[in-house]
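Working notes, structure below.
The values are calculated or read from the model by the stated rules, or taken from the named source; none is laboratory data. In this text the structure is predicted, and so the values were computed from the model without any measurement. Because the Cβ atoms are built from the backbone with ideal geometry, glycine has one as well, and the counts that use them run over all protein chains shown. For the accessible areas, the whole protein counts, side chains as well, though only heavy atoms, and no ligand, DNA or RNA atoms are used. Shrake-Rupley method; radii C 1.70, N 1.55, O 1.52, S 1.80 Å.
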Amino acid sequence: VGAVVATGKEGGGETSSSSSLDANTGTGGENLSGNGWDGAASIPVDAYVRAKLALRYLALMGRVGVLVGYDAATDATAAFAATTAEGHSVAGLLNLLLEAADRAADAANHPPSMSDHGGSTRSPSDGEVRAQSKSYRHASIILLSLVLSTVPYVVPYLPRDYVEGTLLSRVGSLLAAYESTYRPGVGLTALLLAGSQVEETIAGVVAVDDDEDEDDDDDDDEEEDDDDGSGVCCDTLQDLARTVKAVVAAHYDSDDSDDTSSKGTLAGTCFAFPADAPWSNLTVEPSTAASANGDAAMEGGGSRKGAVYSGEPLRIMSLAAGSQSQPISRAAPHLLALGDSSEEDGGEVFIRIPNLDGIVYGRLAVFGLGDDDEDEDDEDEVNQAQSNPEQDAYTKGFGLLDRCFLSEAVRDALVCHRPTVTATGAERGSCRDVAEQVMAIGHLFVPRDQSSAEKNGGGDTSMATSSDAGAKSARGIEYGIVETILSLIVQANKREEGTDVSGSPLGHLYLSRVLLEVTKLQPTLISRAIVAAISALFEDFLPSLVPSARAALADWLAIHLSNTAYQWPSSYWAHWTPYAQALVESNQRNSRGEFVMEALRDMIELQGFPDTIVSDCLPAGSPLVNLLLPKDASTSTPADSLQSLAKDLEERIWIHNDDPDAVREYIVGDEVQESISGSIGESGSTQIWWRTSIVVKAILRPAKIDLDRAQKAVQKARDKMADGDDGDFMEEEDLDEATEDVVVDAVEAIGRYKPVVLAAMARDLQVYEEGQASSNLDESDMLVMGEIHILRQTDAMASYSRSVLEAYVDALVQNHVV
């Protein structure tokens, strides 16, 4: 816990190296998080997960009796003791964390003063105030999340008054001031817009009038989410708070709240982990000493079932004044000193937690809310069960509570088991190992038929075991795993050079690889779940997803299909075609069409050439083949004189390799001006910047050749699909051109012939000004217009390939052409 929130302790004019920790970089002098944590190699997310698992371990120790779980004499009192000579119970530790969260939340509203290196107190700047306020607020949220994650593991032995009246009451107060950054249309990191995009009706698509049903579902969702007082449930923290509240209420309201081991789970959920008691099934043999003293008089030979701790329960010690023993928790003073500037505590404690990446995620319910919906039509239920019984088992058998626990378990497994590379270059773990751990989570859920049979003697088969998922694994669990990973993919930031290292470790490529390995483990079940999830996202979510989330989903689909031999139902491509055609051919912008085209272009980028997409990915005769590449690489030049000039300039640059000075003198000379005078035949900006346009087209000639070659390959692949021809796609006479590097050649030409481009742009501007009596634009504005025209010409030439276009634009910027 200390590794997450405790950072630079400043006092006496020096920074204490023993307690300094920067949560922004994850580095620090002292290991506050426990066994083996290497601050230089870890990030705050690792410390957070370790703290969460450590608290669960302490909670289980309190349940078995190794630790004091609850002390009525001290925990039931209204007064809170930060440090006690006797130490804390497990319940007291959770209350201590909430006290620290309260203090951090208060410090967020009233940031303390700061001390400089001379020891004098100074007022922080506005930037420091904002940074400190944000860090304190994040610290409060982290502590709150840790407590919420631990509560389900302590409810089996804590009294209801303490859990609801003390712990959850304080949690509710903290959540009342919480504003999620994932709130649709408002939050900075929102996954969803405030509403669906307004899109034109697409020809060839049958519109379904389901707006009224969607509105009703949204109203029901908001009403249910508002029950916990935290507003719309749009992130994992709010989801966890709602789940914990429901689990606590269901547990204490149930008849067997004192004995969770009889059914293996807490009331209201089939998640077995919080109620698991493996020690209860151990067979204990009496020791020789115990038998001699007669302390273990047992029936049937002396052995007994169930291990019992008979020693004195331990307490969790804090740094009590005058304590000489090594405390169990060394982080307590750091936590409780948040915002405290008392000189007795050694000065102020400042924290740096710039964001909650990897700790709080956005919530995206791909398969709906998950609670039993009794209002659904019986016929729809029968059809759905017959078409996909596993999906029906998940949507009907996994409620909101089960899905929350499942999602949290998957995220923890992805963080804890992710592969790493040591400083010496050794690899630890693999995505295959992560996939196996994720699939094993299914064994943490007690199948409904098993728990129902034990309790009622009957059987609800909605969650019967699946032979493909493994014995005793809840049926339909694969849909929850896919739902969780896809919800992480759409919000995964692609790690780029210079980005902050404190972000979530669950990157886009890592998650894509894990989902690919999960598919390989269970190809039948996972493939069906992926198809169902993409279908739900396409129909129900794409118009509401923010553009970055939609692009991330398209990137993932391209990666997944490229690594699974492009196995995808042909009916889906047929259904998606009208949306893509409307976008490309009719210029009707729509979210679904953009998703399809983004995925196709990404697959071309990954493959390197589009013929494989035609032959292996798209169905035979699919109209999408015509949309893979643009029709022409550049704007037209109808005038004969311009065509002749463009060809002549290409020969000078690419065949004769003329000196840039000679080409510059040629293009700006009077001979060229007189030869095309009055025959430009263009309009708009091209009429002004015709000379610049021809130069740019000539320099980017490799892009035109590459596009022509790609179009020929697409046509040959289409012909092969039509008549079964097994001939090579590339004609023999094109082999020389095929060896050209479209990026390297053009980038080098941009650098070499940069003076030609600038001279052509200056000459075009001069001719334009000479022909104008007056102009509202000054020279700088006109030059900006010329640079915009260059970028548009570059886009027209290289838009068929994202990587080629990015390389060209980067070269233009690096050479100060634009």
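Here are some notes:
- Residues in the stretch 523-540 that are open to solvent by 30 Å² or more (accessible area, probe 1.4 Å) and under 19 Å from G185 (Cα atoms): D540 alone.
- Pairs with Cβ under 7 Å, 6+ apart, first in the stretch 643-664 and closer than 14 Å to A749 by Cα, second modelled with pLDDT of 90 or more and not in a helix (DSSP H, G or I): R652/D658; I653/Y753; P660/Y753; V663/Y753
- Selection status of D616, at pLDDT below 95 and open to solvent by 60 Å² or more (accessible area, probe 1.4 Å): yes
- Segments classed as helices (runs of 4 or more DSSP H), wholly inside the stretch 541-623, with at least 1 members that are touching a residue at least 40 places away in the same chain (Cβ under 8 Å) and of a type in the set (D, E): 547-562, 591-607
- Qualifying residues in the stretch 788-802 (those that are open to solvent by less than 60 Å² (accessible area, probe 1.4 Å) and not β-branched (V, I, T)) - the one nearest to the chain's Cα centre (by Cα): S801
- Residue list for the stretch 563-604, restricted to those being among the aliphatic types (A, V, I, L, M) and on the phi < 0 side of the Ramachandran plot: A574, A580, A582, L583, V584, V596, M597, A599, L600, M603, I604
- The C-beta contact set for the stretch 63-75 (first residue charged (D, E, K, R), second residue surrounded by fewer than 18 Cβ atoms within 10 Å (Cβ to Cβ) and modelled with pLDDT of 85 or more, distance under 7 angstrom, 6+ apart or interchain) comprises R63/Y157.
- So Q607, is it open to solvent by 20 Å² or more (accessible area, probe 1.4 Å) and either closer than 27 Å to Q391 by Cβ or under 22 Å from the mean Cα position of the chain (by Cα) (or both): no
- Filter result for S173 (open to solvent by 20 Å² or more (accessible area, probe 1.4 Å), at negative phi, assigned to a helix (DSSP H, G or I) and small (G, A, S)): yes
- Checking each residue in the stretch 569-600 for being closer than 20 Å to R513 by Cα and open to solvent by 30 Å² or more (accessible area, probe 1.4 Å) picks out only E598.
- Selection count where residues are open to solvent by 10 Å² or more (accessible area, probe 1.4 Å) and touching an Asp or Glu at 6+ places or on another chain (Cβ under 9 Å), scope the stretch 544-568: 8
- Only one of A582, A549, A558, A529 that is over 23 Å from R183 (Cα atoms), of a type outside the set (F, W, Y) and touching a Leu at 6+ places or on another chain (Cβ under 7 Å): A558
- Hits in the stretch 516-533 (condition: free of Cβ contacts under 8 Å to residues at least 60 places away in the same chain and either touching a helix residue (DSSP H, G or I) at 6+ places or on another chain (Cβ under 7 Å) or assigned to a loop (DSSP other than H, G, I, E, B) (or both)): T519, I526, S527, I530
- Lone unmet requirement of (1) part of a loop (DSSP other than H, G, I, E, B); (2) crowded, with 18+ Cβ neighbours inside 10 Å; (3) at pLDDT 65 or above for D402: (1)
- Scanning the stretch 176-211 for residues that are aliphatic (A, V, I, L, M) and either surrounded by fewer than 10 Cβ atoms within 10 Å (Cβ to Cβ) or over 27 Å from the mean Cα position of the chain (by Cα) (or both), we see that the one that is modelled with the lowest pLDDT is V208.
- Residue tally, condition at pLDDT below 85 and part of a helix (DSSP H, G or I), over the stretch 646-681: 7
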